[in-house]
1. Among 143, 339, 350, flag the residue with its Cα farthest along the positive direction of the charge dipole of the chain, charges on Cβ as +1 for Lys/Arg and -1 for Asp/Glu.
2. Which value in deg cm²/dmol, rounded to the nearest 500, describes the helix-derived mean residue ellipticity at 222 nm for the chain, given -39,500 (n - 2.57) per DSSP H run of n ≥ 4 and division by the residue count?
3. Is the stretch 1-229 rounded, prolate or oblate when judged by the Cα gyration tensor, a ≥ b ≥ c being the square roots of its eigenvalues, rounded requiring a/c under 1.5 and prolate requiring a/b larger than b/c?
4. FRET efficiency for residue 292 and residue 108, Cβ-Cβ distance as r, R0 = 41 Å, nearest 0.05?
5. Suppose every K and R has +1 on its Cβ and every D and E has -1 on its Cβ; what is the size of the dipole of the chain about the Cα centre, in Debye to the nearest 20?
6. Between the stretch 106-129 and the stretch 45-102, what's the alpha-carbon centroid distance in Å?
7. For Cα pairs less than 8 Å apart in space and 6+ apart in sequence, what is the mean separation divided by the residue count of the chain, i.e. the relative contact order in percent?
8. Quote the charge dipole size of the stretch 20-71 about the Cα centre in Debye, to the nearest 20; the model charges only the Cβ of Lys and Arg (+1) and of Asp and Glu (-1).
Amino acid sequence: MAYGMSGGFAWDPSRSRLFWLGSPALLVPAKAFLNTVKSLDGYDLLYTVAKSHGYKIASKAIRSGALGIIPADQTALYSKLIEVTSGLGVGWVEVAEQSKEKMIVNLADSLFAHLAGGTGKPECHLFSGLIAGFSEAVYKNPYRSREIGCVSNRNTLCVFSILKDTESPPPEPITSPVLQIRASPIKLSEVDRSILTSEEGWYFWYDVPCFLINARIFVSIFNILEKRHGHETVLETLQKKFFEEVLPDIQKTVKSPRIALGYKPHPRDVLDKIISNTRFLGFGTPKLSRYKEVSQEGTIIQDHSIIPEISPQKSKVPLCDFPKFLYAIIATACHKTKYKAIETMCMARNESSCEFQIIRENTS
Ligand SMILES: [Zn+2]
Ligand SMILES: [Zn+2]
């Protein structure tokens, strides 16, 4: 499959902005994101946030006419909306059964189940919540989705049963504005294909498995985690997951032929290249602006930062923690010694760009 071509996906290279069904989206390193949420809060959060935002995303896409189907044709609309979720890079999706009372949706090659391993229980909560919200947007009834079979529980497919939820109130009508896509469907050059690939319905940024998530779902999940567990705990967990679970993938990338082209490149050049190519993840447009040869420390300037842009209010503290830890592990992999990153300027504080210092951790 071409990268997201058929999956409701668009890319605006001028701002390094990703869109899915017309709303800003992010390609997130799956292990860092999912395992942070799961270890702090379990699964319910992924389901409930994805469900409420799924309703809004789908309602907006339906009203905009972007799906090319009239809202009255609920059957066709539902199939199209559900099948377009294959573009999220979490596996291949199909509607197996559909009526106003009950829907069955299948997910093959679930990334969530693959990353979780054989845990003996359902693992695809984010996807389950999203399709519950989509069901409400199409049929205007409250629904509850349950994963009745999961690859993590020895099923060959992940299977979701979506039933009318008689206890919940009906969903609120949506009055948000119309779709504003200023981006074209993604067309990657040969060079880009060495950075972003799609395999088995999943996406890889270099060697890092990623999936596409609506940017507001992403921000909401972190806001809730911070309210429940405190800012410091969330940061510690996120940092731990990045270093334990994503760093090995980046170390593999640094050693791979697509980076080390038969000679030993300068760590600065490798760092510069990998940092600037994080723009394909949709967090912003970063570049290595200063690099000190002696200390091997540097400064990254990131423009068009998405997290400050969509966060509900201005903040006194920098907000771009997810890219910050990503830059720290990239610097660590490039220099083969532990680095940290500090966000010294952030657009969330009305500063012109986000700025990160990458600093060698004191190993003495
Ligand atoms: Zn599953
Ligand atoms: Zn920032």
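Values quoted throughout were computed directly from the atomic coordinates according to the rules given, and no laboratory measurement underlies them. This one's a predicted model, so the numbers in the text were calculated from it and none came from an experiment. Here Cβ is always computed from backbone atoms with ideal geometry, including for glycine, and neighbour counts include all displayed protein chains.
1. 350
2. -11000 deg cm²/dmol
3. Verdict is rounded for the stretch 1-229.
4. In this case the efficiency is close to 0.25.
5. Here the chain has a charge dipole of around 520 debye.
6. 19
7. 19
8. Roughly 140 debye, rounded to the nearest 20.
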